[in-house]
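Visitor: Quick one: this structure, given as structure tokens, is what I'll be asking you about.
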Amino acid sequence: MLHFQGEGERGQRFLGKQRHVIYIKLSRTRSFMRIPAEKIEEVRAATDICELISASVRLKRRGKNHIGLCPFHTEKTPSFTVSPERQMYHCFGCGAGGNAFTFVMEHEKVSFVEAVRTLADRAGIQLPGAEQSSTGDGDTDVLYSILREAGLFFYRRLTGTEEGKGALEYLRSRGWHDETIVKFGLGYAPRSWDAFIQHARGLGYGPELLEKTGLAIRREDGSGCYDRFRGRVMFPVFSPSGRVIGFGARKFYDDDPGPKYLNSPETPVYVKGRVLYGVAQSREAIRRMNAAILVEGYADLITLFQAGIENVVASSGTALTAEQIQLIGRYTKNVLFVYDADSAGAKAMFRGLDLILEQDLDVRIARLPEGEDPDSFVKAHGGPAFQTLLEKAGSFIDFKLEEFHREGRSDDPEKQAEAVRSVVDSLTHMKDELKRDLYIKRLASKYDLYESVLRRELERKLKPYRRDEWTGPVSAEDAPIIAAAAGRRAPQKAPPVPPAERNLLKVLLEGPDEVGALIMREFSLDAVSNDGIRSIMGLVFHSIEEGTRISAMEILQRLDDPGLRSLLTDVTLSSYDLPRRYEISPRWDPGKTVEAVDAEKIAKDSILAIRRAALEAEIAQTELALHDAGIHRSDEAAVLRRLAALQQERQSLDRGLRE
């Protein structure tokens with residue numbers, strides 16, 4: 001009998017290597033009414049944010065921080081910054097920011113409790129506390145719990161029941177070892193109409209929740225539900241972080257009238273166009289090899305993986321989507337597409353490869369011999385032969401020209417023109433102008449054409465793209481519409497914060513205690529114009545009054561508002577916004593960074609600048625009152641006196657700022 005690896009005291013049984021955090025729990029998802037603060041801090045301290053995020057984002061070191069493409073919005077230039085020193089992240093493109101807990105919450109769409117539990121599992125920390133029932137109305141935590149239970153249920157039916165023996169022997173007959181079956185969590189769904197429904201009911205999950213996971217279907221007459229998957233070999237689909245989010249199912253019995261393959265429908269946790277099969281198991285190898293091999297189906301991927309070719313993902317035989325390509329782009333810029341000319345699914349994938357060029361990834365094509373797919377090729381010739389095939393992979397453009405030639409369309413001038421236009425159309429998706437120019441030269445040479453003709457054709461095709469990619473001034477009202485039309489999330493950035501207010505908050509958080517005391521003595525929060533800055537400073541003021549000065553990380557832990565989290569991480573991970581000729585105190589080493597600038601001077605200058613901005617606003621209002629046609633003469637004199645006093649105060653502040 002097979003067993004899950006790594007069975008522990010809490011009943012966790014892991015699929016594959018424990019460090020992948022690809023697991024199914026024997027127990028129901030546990031939602032703690034209250035996780036002790038010291039346990040939360042233990043989990044936070046045990047989690048390295050760079051290591052956590054690098055499992056989903058390809059990070060590169062830049063100075064003391066790491067940068068990469070933001071996982072929360074589409075971008076071509078990295079603006080996502082991770083600080084190992086502060087254990088925070090911030091995207092300077094869309095404003096997303098937070099710590100390890102918020103990253104898991106936002107990336108996996110789970111609650112705080114579930115995020116803490118995920119990171120605790122990852123770190124091997126057991127969380128004590130009273131359990132509460134997870135029978136809520138379909139929140140994602142419960143759906144994940146049900147899907148984990150389903151994965152375990154199908155695995156047990158495959159490996160521990162008489163009915164499952166035939167399916168297990170079928171998987172072994174395909175050449176898959178028991179270790180491989182465990183690594184991918186393969187299973188078997190019984191033929192009974194309601195086997196899993198009954199199992200889930202015993203755990204407290206009703207049919208309505210099972211419907212939301214896609215595991216149950218309601219009968220047309222409304223008399224109840226039945227299992228979606230019956231009498232099938234099961235392939236769990238994992239999220240990049242290793243959660244079961246759906247299933248693929250292959251028909252096992254010849255008398256089954258259903259389709260050969262049956263997949264989970266889209267649910268709140270499973271959107272097919274955003275998922276690639278096998279990415280949870282392969283992401284580390286993809287990053288290590290700096291290349292992703294793209295195949296069509298589950299069997300292709302599993303056979304390659306078992307043969308030691310682990311940097312592989314599968315699209316499940318559908319045309320690629322922008323989201324799937326972005327997922328690959330988190331780990332590598334290099335894609336190797338394995339083309340099976342006999343497969344309709346591979347052709348569907350091939351039609352989406354222009355999107356890879358659009359995402360500025362490099363794609364090469366490896367052609368399989370006729371009649372072969374990756375699964376059959378590796379079984380017949382072995383893994384090393386497949387590696388040799390990959391080494392012969394050619395460019396996407398060369399492959400398209402070769403396809404036209406193979407189809408007998410290389411001699412007819414009309415067909416040649418069609419081939420050239422097809423290649424030029426692909427070049428419009430290529431962001432690298434140098435590569436585009438080289439392909440133009442190669443194409444001109446191959447077909448004995450003038451380069452100028454090809455360039456005119458390219459320019460003609462590029463015009464609509466350039467119009468779509470206009471980056472000039474856009475109104476606030478139009479920005480969400482334009483972003484939606486471009487298929488990407490509109491950055492949700494907060495309004496600009498006055499530099500002096502940013503500096504004051506930063507020095508309040510990072511400066512010595514005496515500077516914090518100075519700010520509290522000499523400054524009133526009423527002078528702050530930005531609501532977010534005022535709120536965060538208020539938390540710090542309150543903590544100082546209580547005798548325990550709060551840190552940026554502690555504040556971040558308490559903030560539920562994404563806007564405030566974004567503001568805090570932005571201020572924390574940015575440098576001080578100082579004038580170019582800011583004079584540093586002679587007490588400081590001139591070789592130190594801007595963060596080492598005299599904190600007291602920054603605080604005092606920021607306070608003066610904030611007061612001056614408030615004075616300017618009051619002066620402007622007073623001048624408006626003075627020019628009011630309806631003002632009474634007696635009131636006019638009072639307004640003039642007030643205006644003079646304000647102007648005098650402004651002069652005094654200006655002298656202070658110059659000192």
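Any read-out appearing in this document is the output of simple, stated calculations on the displayed coordinates, not a laboratory observation. Keep in mind it's a predicted model, so treat the numbers as computed, not measured. FYI the Cβ positions are ideal-geometry reconstructions off the backbone, even for glycines, and counts take in every protein chain you see.
Visitor: Summing Lys, Arg as +1 and Asp, Glu as -1, what charge do residues with Cβ under 12 Å from the Cβ of I286 carry, I286 excluded? Walk me through the numbers before you get to the answer.
Guide: Details: positive: R58, R283, R287, R288, R330, K333; negative: E284, E310.
With Lys, Arg at +1 and Asp, Glu at -1, the neighbours total +4.
Visitor: I would also like to ask the following. Can you give me the relative contact order of the stretch 235-364 as a percent, contacts being Cα pairs under 8 Å and 6 or more apart?
Guide: Values: 224 pairs, mean separation 27.8, N = 130.
Reported relative contact order: 21 percent.
Visitor: Whole-Hz Karplus ³J(HN,Hα) for the stretch 647-652, in order, using 6.51 cos²θ - 1.76 cosθ + 1.60 and θ = phi - 60°, x for Gly and Pro?
Guide: With coefficients 6.51, -1.76 and 1.60, one gets 5, 5, 5, 4, 4, 4 Hz.
Visitor: For the stretch 30-130, what's the relative contact order in percent, using C-alpha pairs closer than 8 Å and at least 6 residues apart?
Guide: Details: 141 pairs, mean separation 28.6, N = 101.
Relative CO of the stretch 30-130 lands at 28 percent.
Visitor: Still on this structure: Taking the Cα centre of the stretch 30-130 as the origin, how large is its charge dipole in debye, to the nearest 20, when only Lys and Arg (+1) and Asp and Glu (-1) carry charge on their Cβ atoms? Could you put the intermediate results ahead of the total?
Guide: Working: 14 positive and 11 negative charges, 55 e Å.
Dipole of the stretch 30-130, to the nearest 20 debye: 260 debye.
Visitor: Provide the net charge surrounding F196, with neighbours chosen by a C-beta distance below 10 Å and charges set as Lys +1, Arg +1, Asp -1, Glu -1. Mind dumping the intermediate values first?
Guide: Details: positive: R157, R201, R228, R230; negative: E149, D194, D227.
Net charge around F196: +1.
Visitor: Still on this structure, please answer the following. Using 16 Å as the cut-off for backbone N distance, which residues of the stretch 297-322 belong to the label zone defined by a point 7 Å from the Cα of D432 along Cα→Cβ?
Guide: None, by backbone N distance to the label point.
Visitor: Related question: If I histogram all Cα-Cα distances within the stretch 179-322 using bins 10 Å wide from 0, what percent of pairs lands in each bin?
Guide: The distribution over the stretch 179-322 is 11, 38, 33, 15, 3, 0, given as percents.
Visitor: Would you calculate the separation in nanometres between label points at I619 and D513, each defined as 7 Å from the Cα along the Cα-to-beta-carbon direction?
Guide: In this crude label model, I619 to D513 measures out at 4.0 nm.
Visitor: In percent, how large is the relative contact order of the stretch 134-227, given Cα pairs closer than 8 Å and 6 or more residues apart?
Guide: Numbers: 88 pairs, mean separation 27.5, N = 94.
Relative contact order of the stretch 134-227: 29 percent.
Visitor: Over all alpha-carbon pairs of the stretch 35-165, lay out the pair-distance distribution in 10 Å bins, whole %, shortest bin first.
Guide: Over the stretch 35-165, the share of Cα pairs per 10 Å bin runs 11, 33, 28, 19, 7, 1 percent.
Visitor: So, one more: Residue-wise, which Karplus ³J(HN,Hα) couplings in Hz belong to the stretch 274-289, taking 6.51 cos²θ - 1.76 cosθ + 1.60, θ = phi - 60°, and x for glycine or proline?
Guide: The phi angles translate into 10, 10, 10, 5, x, 5, 5, 7, 9, 4, 5, 5, 4, 5, 5, 7 Hz.
Visitor: How much net charge surrounds D255 when only the other residues with a Cβ under 14 Å from the Cβ of D255 are counted, with Lys and Arg +1 and Asp and Glu -1? Walk me through the numbers before you get to the answer.
Guide: Working: positive: R191, R230, R232, K251, K260; negative: D254, D256.
Summing Lys and Arg as +1 and Asp and Glu as -1 gives +3.
Visitor: Assuming 0.36 nm per residue, please report the length gained on full extension of the stretch E266 to L640 beyond their Cα-Cα distance.
Guide: This chain segment gains 127.8 nm when fully extended.
Visitor: Could you order peptides 217-230, 197-210 by the average number of other Cβ atoms within 10 Å of their residues, highest first? Let's see the in-between values first.
Guide: On the way: 217-230: 14.6, 197-210: 16.5.
Averaged packing, sorted descending, gives the order 197-210, 217-230.
Visitor: Moving on to the next point. Just want the ordering: K60, K109, from fewest to most Cβ atoms lying within 10 Å of their own Cβ.
Guide: Working: K60 10, K109 16.
In order of increasing Cβ crowding within 10 Å: K60, K109.
Visitor: Okay, moving on. Quick one: what are the phi-derived ³J(HN,Hα) couplings along the stretch 160-169, Karplus 6.51/-1.76/1.60 with θ = phi - 60°, whole Hz, x for glycine and proline?
Guide: In residue order, the calculated couplings are x, 10, 5, 5, x, 4, x, 5, 5, 5 Hz.
Visitor: Moving on to the next point. For the residue pair S376 and Q651, what label-to-label distance in nm results when each label sits 7 Å from Cα along the Cα-to-beta-carbon direction?
Guide: Reported label-point gap for S376 and Q651 is 9.3 nm.
Visitor: If amide H atoms are built 1.01 Å from N in the plane of the peptide, which residues on other chains or at least 5 residues away come under 5 Å of the amide H of A216?
Guide: E211, R228
Visitor: What distance in nm separates the two pseudo spin-label positions at S192 and R61, each 7 Å out from Cα along the beta-carbon direction?
Guide: Placing both labels 7 Å beyond Cα along the Cβ direction yields 5.7 nm.
Visitor: Express in nm, to one decimal, how much length is gained between R456 and D561 on full extension, taking 0.36 nm for each residue of separation and deducting their alpha carbon distance. All intermediate terms of the calculation are to be shown ahead of the outcome.
Guide: Values: separation 105, 0.36 × 105 = 37.80 nm, distance 5.10 nm.
Full extension from R456 to D561 adds 32.7 nm.
Visitor: Among 363-370, 509-516, how do they line up by average Cβ neighbours within 10 Å per residue, starting with the highest? Could you put the intermediate results ahead of the total?
Guide: Details: 363-370: 17.8, 509-516: 15.9.
Final packing ranking: 363-370, 509-516.
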